[in-house]
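So the structure is just underneath, and the comments pick up after that.
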Amino acid sequence: MAGGLHPSLRPTPPSSSSSFTSRLLLMLTILPLTLAAFAFVLQWRGGLTDPTTRWSPDPLFPGMDPSGTVRSSAAAASDCVDLLGRSRSASFPYYRDWKFSYGSDLRPKLCITTSTSAGLEQTLPWLFYHKVIGVTNFFLFVEGKAATPSVSKVLESIPGVKVIYRTKELEEQQARSRIWNETWLASFFYKPCNYELFVKQSLNMEMAIVMAREAGMDWIIHLDTDELIHPAGAREYSMRQLLAEVPGNVDMVIFPNYESSVERDDIKEPFSEVSMFKKNYDHLPKDTYFGNYKEATRGNPNYFLTYGNGKSAARIQDHLRPNGAHRWHNYMKTPNEIKLDEAAVLHYTYPKFSDLTSRRDRCRCKPTKEDVKRCFMLEFDRAAFIIASTATEEEMLHWYREHIVWTDKAVNAKLLKKGILTRIYAPMVIVQELRESGAFTSVVAAAHTNLSKDEFLSSIEGSNTSRGVESRGISSRKIGNSGESQATARKVLETALTDSYAVPPLSPPNMTDIHLDI
């Protein structure tokens, strides 16, 4: 055929449908690339914040570096750093002005009772951390520094906190209490230092039970202000959720304690600088525990520096009573207890070098092997007291590094691999972010700004405070005075209502307790 190709050989013009499909595919390819490029430009210029950087800077948890050691802003800061806040802007604003669910109707409700003489630099991080994980009420029995106006009026201004001062009136009230006139605590009476504190804690816990019932609490736990609950095993890192899953027939929940293992001798803020802990015997296989006992002990008297029998939470119910600072009991029945296999109490034990001298200054004992037995229940506390009382500053620091600080990275790595040591970052992250958000500084500023002298004097008479008619911080007249009348002691022994003895702080099992299955 002249004038062109055969029709079968001519190119077929594209259909309208195939043309549309091609354009659509081109658009779907170009659009995401354009948006991604736009987002990159905005973030590069500072116009967009990647939300993941709030949680994982660098991209590690706060306080970590790639080597696994703790990285802290305090380590690089000057000695005059403000322990309650930072001058830089908050990186985690979600805690700002948060009411921490105080007054919430959510159940169960948990309260903490403590006996403390600590200042705000320790108490505020301790208190607000526990608010974050679901604790609603606190019963603070204060003396010493904690009872001074500059500290106590801040504590009294915090919702859910009740402050009780150790006064002559309080001591007289406790001297008429039920447990003071029973034998189960009598072996701790009329002894100084740690024994005196143990009795005070028990008497305060007895009063806290009544306060907890009046406040509508469901659970109560006794903690010191150097201890944090670690609710591992709860999906939302929540004590409320953890206790909500406890069967209704359980009266008490035991939290095995882990002990801090500091890696530096210049720790200033233990809660936000310490991430390594030694696990409890109850959370380890027996062969792992005893097989690594020598390296884990590092020449100290025991596996832990201090106690190893944990703390317990009790369900608020009739006839509940304390059984020493570590346990609870019931006058009418043997409590049904369970022990949690993941959750723990983190005990920050001698985390600061200054803890050596602070413990020494609280006790009036002679620094001899015999006399310290009157003051301290555990061997390491006795040794630490003697060193702090007899050694020079340089000798004390050497002893502290040798017995407390974990400087051998090879040993640390081995015990971390074995599971003896473990890294726990959640408390560190929470406390760091609380501090950076201004939660601590704002409550201090608000307390001092909003309370005039007259308002302060008026407020301490209200429902947020229990105080006697005399001055604060009166030392115990009966609890630790070995010169008290023996007739009084004899009368105590004659009014036995129970033959269950108080559970003292106990050391973990040692090598003489090996019971491995063969």
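Brief remarks on what is shown
- For segment 330-387, the list of GluC sites (Glu not before Pro) that fall in a loop by DSSP and count at most 14 other C-beta atoms within 10 angstrom reads GLU342, GLU370.
- Alpha-carbon spread of segment 295-387, three principal axes, descending order, Å: 45, 31, 21
- Per residue, segment 306-398 exposes an accessible area of 46 Å² to a 1.4 Å probe, with every protein chain left in place.
- Spin-label model, ARG107 to LEU416: label points 7 Å out along the Cα-to-beta-carbon direction sit 4.4 nm apart.
- Gain upon complete extension [LEU28, LEU506; 0.36 nm per residue less C-alpha separation]: 165.3 nm
- Taking 7 Å steps out from each Cα toward its Cβ at LYS294 and SER238 produces label points 4.8 nm apart.
- Between ASP371 and THR392, the simple spin-label model (points 7 angstrom out along Cα→Cβ) gives 2.3 nm.
- Atom-type composition of the exposed protein surface of segment 202-339 places 47 percent of the accessible area on carbon and sulfur (1.4 angstrom probe).
- Above-threshold pairs, the threshold being 30 Å between Cα atoms, out of LYS131/LYS418; LYS168/LYS278; LYS109/LYS339; LYS366/LYS409; LYS131/LYS333; LYS352/LYS418: LYS131/LYS418; LYS168/LYS278; LYS366/LYS409; LYS131/LYS333
- Neighbour cut-off at most 12 other Cβ (10 Å), DSSP loop, trypsin sites (Lys or Arg not before Pro), segment 323-426: LYS333, ARG364, LYS369
- Among the listed pairs LYS153/LYS268; LYS145/LYS373; LYS279/LYS417; LYS268/LYS294, those with a Cα-Cα distance over 20 Å are LYS153/LYS268; LYS145/LYS373; LYS268/LYS294.
- Among the protein heavy atoms, those of ASP361 account for about 110 Å² of accessible surface (1.4 Å probe, every chain in place).
The values are calculated or read from the model by the stated rules, or taken from the named source; none is laboratory data. Source: prediction; values computed, not measured. Reconstructed Cβ throughout: ideal geometry from the backbone, glycine too, with neighbour counts over all protein chains shown. All accessible areas refer to the heavy atoms of the entire protein, side chains included, with ligands and DNA or RNA removed. Shrake-Rupley method; radii C 1.70, N 1.55, O 1.52, S 1.80 Å.
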